[in-house]
């Protein structure tokens, strides 16, 4: 048992932001741990609050704090010759900064990087830098004296190979180098998320963390969902504005309010009493857990997140699923859960073996009074059996399926 759920869960971390000087502020880690190494982010001037979370998307300041960093944000207008020393001093004086000897740097503009780069010679604490720039700026970017990761919108003219301490990624579909800055037109949710994972992969080894037991965080979350069935404790394992998407049925919720409603009314108490997750494989990355598992239930109640609108059938089903779980710091951010809905319907005897085929069949003309049908390429419980044991079911059996001609 992880905790005593008869007691209320711990409160969510509350942003504690301190203004150091105009355009410079420090935000303590927004994690259950409450401590973490220092991170300096340099951003263009903005009128948007740097503590904003809009439609589930956090500001860079909030996002890095949720990763459990002690974050100093420097806006463009506050840049000066001694700004890095002042930022590092503020970080080192913060009780939440542990350890204090290694600091990361993220600069959200190639132009701002060229202002900041010459200042790095005056600091020894900054262990690595991340730069967002455009392909047009690539050749004019100042050389980095420390390990450096560059994100370029567009394509690169460089032929250099990536190394652990110097990496370059390109984003041809990005509208501009501001694709990682939210609350403006060129922001790309998916590209920013991809670049952020790359940032963590690059910076954490240089900064010695912060590291968390991602498996334990995910297992604790599913324990509260399926065993203790507590909405409050389940939500306590997640960031301020999380989301869940069950891809085949598009059920879940974006944001704390909608997701809490989903868990309370459509998930935690809608799973049958014998619901079981059989984990087949698990891959753990820098900020996510990917599970292959089999969801096993007796369909003796309505399970509307899985099969909306279908009354109980009493059937036992086993559904191969994949979960991509993004963890930010020591709390879940999102779950993407996928499965083959066809195998669910097949196991419930709700999928016909044959379906009409309303298209021309090359080289074949249906006889008068006849029509074509195809055998539906969907399997039932054998999909779970083969996931569990690759040799239990022969591969490629569907290749024998053919179009057939039947009476109208």
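Averaging the inverse of every distinct alpha carbon separation and then flipping it gives the Kirkwood radius. What is it for region 354-407, in angstrom units? Write out the running numbers ahead of the final one.
Working: mean 1/r = 0.0756 Å⁻¹.
After inverting the pairwise mean of 1/r, the radius is 13.2 Å.
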* Given springs between every Cα pair under 10 Å in a Gaussian network model of the chain, which of 35, 47, 165 has the largest fluctuation? -> 47
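What FRET efficiency comes out for the pair residue 388/residue 33, r = Cβ-Cβ distance, R0 = 45 Å, nearest 0.05?
Numbers: r = 37 Å, r/R0 = 0.81.
So, using R0 = 45 Å, E works out to roughly 0.75.
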* To do: Measure of size requested: the Rg and Dmax of the chain, with Cα atoms as the atom set and Å as the unit; please supply both.
  => 25.9, 87
* Evaluate the distance, in nm, between pseudo-label points positioned 7 Å from the Cα of residue 364 and of residue 292 along their respective Cα→Cβ axes. => 3.4 nm
* Given springs between every Cα pair under 10 Å in a Gaussian network model of the chain, which of 360, 377, 210 has the largest fluctuation? -> 360
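For region 214-347, compute Rh as the Kirkwood radius over C-alpha pairs and then the Stokes-Einstein diffusion coefficient at 10 °C and 1.306 mPa s; write the answer in µm²/s, rounded to an integer. Can you show the working numbers first?
On the way: Rh = 15.0 Å.
Rounded, D is 106 µm²/s.
Nearest-5 percent of antiparallel DSSP beta bridges in region 17-207? Walk me through the numbers on the way to the answer.
Working: 12 of 41 bridges.
Bridges in region 17-207 are about 30 percent antiparallel.
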* Structure fact -> Residue separation between residue 142 and residue 184 times 0.36 nm, minus their alpha-carbon distance, gives in nm 12.5 nm
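Calculate the translational D of region 23-158 in whole µm² s⁻¹ from Stokes-Einstein, where the hydrodynamic radius comes from the Kirkwood formula applied to all Cα pairs, the temperature is 20 °C and the viscosity 1.002 mPa s.
Details: Rh = 15.2 Å.
Diffusion coefficient, whole number: 141 µm²/s.
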* Between region 335-408 and region 91-118, what is the C-alpha centre distance in whole Å? -> 56 Å
* To do: Go through 340-353, 52-65 and give me the packing order, highest mean Cβ count within 10 Å leading.
  => 52-65, 340-353
* Quickly estimate the mean residue ellipticity at 222 nm for the chain, helices only: each DSSP H run with n ≥ 4 gives -39500 (n - 2.57), and the total goes over all residues, rounded to 500. => -5500 deg cm²/dmol
* Asked: What is the antiparallel percent of DSSP beta bridges lying wholly in the chain, to the nearest 5?
  -> 60 percent
* When ranked by the protection proxy of mean other Cβ atoms within 10 Å per residue, highest first, what sequence do the peptides 11-20, 170-179 form? -> 170-179, 11-20
* Where the centre of each part is set by its Cα atoms, how far does region 9-75 sit from region 127-205, in angstrom? -> 21 Å
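No lab work stands behind these numbers, since they all come straight from the coordinates. All figures in this text were calculated on a predicted structure; none of them were measured in a lab. Reconstructed Cβ throughout: ideal geometry from the backbone, glycine too, with neighbour counts over all protein chains shown.
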